[in-house]
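We did not get these values from a lab; they are worked out from the coordinates using the rules stated. Predicted model only: the values in this text are computed from it and were never measured. So basically every Cβ, Gly included, is an ideal-geometry build from the backbone, and we count neighbours across all protein chains shown.
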Amino acid sequence: MLHPRLAVLRRPSGDVQLGWDPEHAMVLRPPGTSPDAVLGFLRLLDGELSHPQIVWQADRVGIRAPDALAILAALESAGLLLSPRPRTTRVRAVHVHGRGPLSEAITAGMRPLGLRPTRSREADPAAKTAARSADLVILADALVPEPHLVNDLILQRVPHLQVRVRDGRGIVGPLVLPGGTSCLRCADLIRRDHDADWPHLAGQLLGRVGHASPATVAATTALVLRDLELILAGRPDQPPQTLDTTLELDPDTHHIERRPWTPHPECACRTLYPPDEPDQPPQVYEDPTADTSAQPQRPDNR
């Protein structure tokens, strides 16, 4: 089907233009065809017909089969066609954990995506139960999330995405796929490697909510919703942007910095499986206030 984001325009010359971006707009000039025929052909690209059916019916609107094939090839090459595909994503139930402007905005923004997320707040006894039944958990607002909840998400292999505001900047990610990517404890260990005092600092940030302008909250929410769109689409060629990555939005410069994260050798998150004895789980997400023996290295602004 023709990508629904494209505006279909008609030039004074009669040529048909797709899109109005000066760098990416495409003009169709099939020889020997009228603009009305081209417009009629584009209306066939509504996702209801297969390519052979489109070519078969093209003659009815005045487009010969060779021209129809040429137009389809040009549109495909330009990335203007969407192939109807069944969704392969397993994400149906989303849970938002947190209390603050980001969790409110993200929850409201999910509704147009067809999602009806469940909610919980910090120190909510029911949070673990609700999170375990979700396909994806969003940890919003808290500068440092509750270690016991994050530990449980790893143990239950529940994907989770962290979203917060740091010193007025929106931070989205990383998206954690337990057993497949780095995790939030990996990020803590990396910070500790660069700053031996990080566990002490993180303990003071535990549960606190960052402050930012409404514009920053809205822009940060937009980054989250875009990643959710990619997750729901389930296309292998368009993975979420926050896998092993944080997106860091500077509202003053409008710049988005991508910061990669890697698994830490001291973290067992990629090899851990749910324990046979749930009452004695291994500790895979330590309390950020716990002391460590790492040697200090250069300070880092992560």
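Compute the distance in nm between two label points, each set 7 Å from the Cα along the Cα-to-Cβ direction, one at Asp124 and one at Thr271.
So the two model labels end up 3.6 nm from each other.
How do Leu9, Leu18 line up, fewest other C-beta atoms within 10 Å first?
Values: Leu9 13, Leu18 21.
Fewest-to-most ranking of Leu9, Leu18: Leu9, Leu18.
In degrees from 0 to 90, rounded to the nearest 10, what is the angle of the helix 101-110 Cα long axis to the longest principal axis of the chain?
40
Compute the label zone of Ser133 within the stretch 105-125: residues whose backbone N is under 17 Å from the point 7 Å along Cα-to-Cβ.
116-121, 124-125
If each of Ala93 and Ala70 carries a label point 7 Å out from its Cα toward its Cβ, how far apart are those two points in nm?
Inter-label distance under the simple model: 5.5 nm.
In debye, nearest 20: dipole of the stretch 8-77 around its Cα centre with unit charges on the Cβ of K, R (+) and D, E (-)? Walk me through the numbers on the way to the answer.
Values: 6 positive and 9 negative charges, 48 e Å.
Result for the stretch 8-77 is approximately 220 debye, rounded to the nearest 20.
Using a simple spin-label model with points 7 Å from Cα along the Cα→Cβ vector, what separation in nm is obtained for Arg10 and Arg60?
Distance between label points: 2.1 nm.
Based on the Cβ-Cβ distance from Ala78 to Arg116, what FRET efficiency comes out when R0 is 41 Å, to the nearest 0.05?
Details: r = 36 Å, r/R0 = 0.88.
The formula returns an efficiency of 0.70 here.
Working from Cα positions, state the angle (0 to 90°, nearest 10) between the long axis of helix 184-194 and the longest principal axis of the chain.
70
If you take the beta carbon distance between His3 and Arg157 as r and set R0 to 35 Å, what does 1/(1 + (r/R0)^6) give as a FRET efficiency, to the nearest 0.05? Write out the running numbers ahead of the final one.
Numbers: r = 35 Å, r/R0 = 1.00.
According to the calculation, E is roughly 0.50.
Which of the following values of Cα extents along the principal axes in Å was calculated from the structure shown: (1) 83, 46, 39; (2) 77, 46, 33; (3) 81, 37, 29?
(2)
Can you sort Val172, Val8 so the residue with the fewest Cβ neighbours within 10 Å comes first? Provide the component values of the computation, followed by the final result.
On the way: Val172 28, Val8 15.
Final ranking by Cβ density, sparse to dense: Val8, Val172.
Explain nothing, just compute: Karplus ³J(HN,Hα) = 6.51 cos²θ - 1.76 cosθ + 1.60, θ = phi - 60°, for every residue of the stretch 196-203 in order, whole Hz, x for Gly and Pro.
So the Karplus estimates, Gly and Pro as x, are 4, 8, 4, x, 5, 5, 4, x Hz.
Would you calculate a helix-derived [θ] at 222 nm for the chain, using -39,500 (n - 2.57) for each DSSP H run of n ≥ 4 and dividing by the full residue count, to the nearest 500? Mind dumping the intermediate values first?
Working: 9 runs with 94 residues, N = 302.
Rounded to the nearest 500, the figure is -9500 deg cm²/dmol.
Relative contact order for the chain: what is it in percent, counting Cα pairs under 8 Å that are at least 6 residues apart?
Numbers: 515 pairs, mean separation 50.2, N = 302.
Relative CO of the chain lands at 17 percent.
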